[in-house]
Amino acid sequence: MTFKEELTQHFKQFDSSPILFVGSGFSQRYIHLECWKNLLKRFADEIGENHVKLKALSGEDLSEYGQLLADSYSVKWWDTEGADAIQKEYEEHFTNPNSPLKVEISRYLKDSHKIISTEQLSSELEAELALIKTINIDGVITTNWDLLLEELFPKFTTFIGQDGILTGRSHGVAEIYKIHGCCSQPNSLILTSGDYELYRKKNPYLSSKLLTMFIERPVIFLGYSFNDEHIAEILEDIVSCFPDKDLDFLRDKLLFVEWDTLCEEPEISNSIIHKKIPVKHVRTASYYDLFSVLSETKKRIPAHLFRIIKDELYELVLTDDPKGQLYVKDAADVNANSLPTEFVVGYGAISLVKKAESLADQGLVGLKRIDLIREVVFNTDKYIPSDIVTEVFPNLCKGNTRIPIFYFF
């Protein structure tokens, strides 16, 4: 069995589509952004801070490094060239001592995703990017701050930070969860040791949200290393809810993809990360086969459309007012005997829904020649022409009946 066949078989065991859990390696791959360590070094150099000194004082703890750098920015940045203009443009975002560094990082990241359309990428990466835009997933969780994922999944709804997830209306599908903040909201960035302390205090709600996702759907980790401390912390919070004897439940749910340039052929195996968490481990030098498998699994309802329907139905249940977005038919008007074998939600213009109802009342297959003649003579606009052509004509034409074919083309 080939790698692609094995991966396809693996995903077939799930009723729901996967969720991507995306780390900094993803952005490094496609838009050449630095890892967190090198990003901090870049901004230390810009403010004239000694990178080696900050690394030593922080004990190589990047959140402590970030705190030391933010403290330096809070003193030095205001007198740097161009600071006045930035203050005017981002005035509302300067709310605390860490804001100068977070604003500068956000400005740097803001347009970084545009490299995918303005810079020549290798043919391999271009092929991967073309595929990822077509993959069928239910959502994305990320610790990244840049806007690449919003570029790739423009129809997904974005929730920023723990507060955004807590206060926003999440439906668990066609959504991007930026759990460490986003450059579109500079002060949301989880950057310093102080940020991480607050983040951990609010973590129980986030962990419960992620736990629900992990139970309901497979999760694919992309762009993380096996020893990433922050992912370890997130996973340990989640698996702490499971008795050790039940951890094998997660093995098929968690797919950890390791990018390895020395891997000649992609492979998938069982493994353990962070000492006790069972995962499916994928080693590959390319994401192409993975994205190809995900793009070949078709959803009956596109994720973004399903989210819109869920949101409108939620609003209807909450307020009892469809606000012109939904056409609601009274239950008394529905003939239970005529209901199809599947429940159907119609989403679209009210006129189209009413047309569909008229067809449902009579049934397409039951239409006779006289019904079509009546439509031609009185031009009632009762039927959808394409439905007549595909559903009615094949039956009526078998009897060589003279019917007004051209009217419906």
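Here are a few things to note about the model shown:
- Applying a threshold of 9 Å to beta carbon distances and a minimum spacing of six or more residues, or different chains, the list of pairs starting in the range 396-409 at a residue that is of a type in the set (D, E, K, R) and at pLDDT 65 or above and ending at one that is part of a helix (DSSP H, G or I) and open to solvent by 90 Å² or more (accessible area, probe 1.4 Å) reads 402/369.
- Residue ranges of strands (runs of 3 or more DSSP E) in the range 175-271 with at least 1 members closer than 22 Å to residue 70 by Cα: 175-178
- Inspection of the range 49-58 finds a residue satisfying the criterion of being open to solvent by 30 Å² or more (accessible area, probe 1.4 Å), small (Gly, Ala, Ser) and without any contact (Cβ under 8 Å) to a residue 12 or more places away in the chain.
- Only residues that are surrounded by fewer than 15 Cβ atoms within 10 Å (Cβ to Cβ) and closer than 15 Å to residue 406 by Cα were counted in the range 382-392, giving 4.
- Selection count where residues are open to solvent by 30 Å² or more (accessible area, probe 1.4 Å), of a type outside the set (Gly, Ala, Ser) and either in contact with a Pro (Cβ under 9 Å, 6 or more places away or on another chain) or at pLDDT below 90 (or both), scope the range 116-125: 4
- In summary, helices (runs of 4 or more DSSP H) completely within the range 1-101 and bearing 1 or more residues that are at pLDDT 95 or above and touching a Gly at 6+ places or on another chain (Cβ under 7 Å) occur at 24-31, 36-47, 62-76.
This table checks each residue for (1) among the β-branched types (Val, Ile, Thr); (2) within 30 Å of residue 55 (Cβ to Cβ); (3) touching a strand residue (DSSP E or B) at 6+ places or on another chain (Cβ under 9 Å); (4) surrounded by 15 or more Cβ atoms within 10 Å (Cβ to Cβ).
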| site | (1), (2), (3), (4) |
| --- | --- |
| 102 | no, yes, no, yes |
| 127 | no, no, no, yes |
| 133 | no, no, no, no |
| 141 | yes, yes, yes, yes |
| 146 | no, yes, yes, yes |
| 156 | no, no, yes, yes |
| 163 | no, no, no, no |
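- Candidate set: the range 49-103, residues that are within 18 Å of residue 198 (Cβ to Cβ) and charged (D, E, K, R); chosen: the one farthest from the chain's Cα centre (by Cα): 71
- Taken together, 292, 269 contain a single residue that is out of contact with any helix residue (DSSP H, G or I) (no Cβ under 9 Å at 6 or more places or on another chain) and open to solvent by less than 70 Å² (accessible area, probe 1.4 Å), which is 269.
- Test: residue in the range 283-297 that is at pLDDT below 80, farther than 19 Å from residue 214 by Cα and not aromatic (Phe, Trp, Tyr): yes
The values are calculated or read from the model by the stated rules, or taken from the named source; none is laboratory data. Everything numeric here is computed off the predicted structure, so don't read it as measured data. Here the Cβ is made from the backbone with ideal geometry for all residues, glycine too, and neighbour counts use every protein chain on show. Heads up: the accessible areas ignore ligands, DNA and RNA and are worked out on the full protein's heavy atoms, side chains in. Shrake-Rupley method; radii C 1.70, N 1.55, O 1.52, S 1.80 Å.
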